[in-house]
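Here is the structure we will look at, set down as structure tokens.
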Amino acid sequence: MIKKIVIGVFIIVSAMAQVPFSQAAEVEIKWSNIDNYTDIEAGEENRKYFKEWVSKSIGKHIDKLANSLPSDQKLIIEVLNVDLAGTVKYKGSKQVRIIKEAFPPELELQYKLVNSENSVIKEETILLRNLKFLQSVSTKYRSQSLGYEKEMLDDWFKDTFTE
């Protein structure tokens with residue numbers, strides 16, 4: 001009897017995994033001249049790995065935000081510059097990221113939102129900067145890596161794409 005229940009639950013879960021719960025806009029993200037960004041420094045970590053990790057993390061976050069856009073739209077973003085919150089300094093013999101209000105997060109983006117006919121709905125080149133990032137970070141991202149940048153993207157997305 002238990003074996004039949006387990007098999008039944010497995011079949012239901014497998015079937016649910018095949019069904020998309022929501023449609024989202026397609027997202028395309030380009031990272032232009034990542035080696036020339038203002039601050040995408042790793043501290044003591046491997047620089048190449050850190051840049052890949054930052055681009056993947058921010059990309060995943062933008063993908064998540066795009067879930068609220070209609071499925072017949074496409075969001076194309078070119079990341080022109082990144083200046084992560086804080087700055088990398090030597091602390092003793094190690095390099096560490098120091099977070100201070102004097103070093104706010106900044107993202108420069110060029111984006112285009114197009115419909116299914118490739119007609120432009122919105123497009124702009126913007127500089128996102130949160131000068132009060134230490135006072136405004138929500139509990140949602142407080143313990144997450146790139147939390148300041150994620151919150152800044154949330155605010156931009158809400159202001160730009162919410163009717």
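The values are calculated or read from the model by the stated rules, or taken from the named source; none is laboratory data. The structure presented is a predicted model; accordingly, all values stated were derived computationally and were not measured. So basically every Cβ, Gly included, is an ideal-geometry build from the backbone, and we count neighbours across all protein chains shown.
All told, Leu113 meets the bar of being assigned to a strand (DSSP E or B), under 19 Å from the mean Cα position of the chain (by Cα) and surrounded by 12 or more Cβ atoms within 10 Å (Cβ to Cβ). Taken as a whole, the structure leaves Phe133 outside the set of residues that are under 22 Å from Asp72 (Cβ atoms) and touching a helix residue (DSSP H, G or I) at 6+ places or on another chain (Cβ under 6 Å). Is region 70-81 home to any residue that is at pLDDT below 95 and of a type in the set (A, V, I, L, M, F, W, C)? So far as region 70-81 goes, no, none of its residues is at pLDDT below 95 and of a type in the set (A, V, I, L, M, F, W, C).
Just one of the numbered conditions (1) over 20 Å from Glu106 (Cα atoms); (2) in contact with a helix residue (DSSP H, G or I) (Cβ under 9 Å, 6 or more places away or on another chain) is not true of Ala42: (1). Look at (1) touching a His at 6+ places or on another chain (Cβ under 6 Å); (2) loosely packed, with under 12 Cβ neighbours inside 10 Å; (3) not aromatic (Phe, Trp, Tyr) and you find that Lys150 fails only one, number (2).
Quick check: anything in region 126-146 under 18 Å from Val27 (Cα atoms) and under 17 Å from the mean Cα position of the chain (by Cα)? The answer is yes; a qualifying residue exists. As a summary of the residue check, Ile121 satisfies the conditions (1) of a type in the set (A, V, I, L, M, F, W, C); (2) in a strand (DSSP E or B); (3) over 15 Å from Val27 (Cβ atoms) except for the one numbered (3).
Scanning region 38-59 for residues that are of a type in the set (D, E, K, R) and crowded, with 16+ Cβ neighbours inside 10 Å gives Asp39, Glu41, Lys51.
Within region 60-86, restricting attention to residues that are surrounded by fewer than 16 Cβ atoms within 10 Å (Cβ to Cβ) and not charged (D, E, K, R), the residue that is nearest to Ile29 (Cα to Cα) is Asn67.
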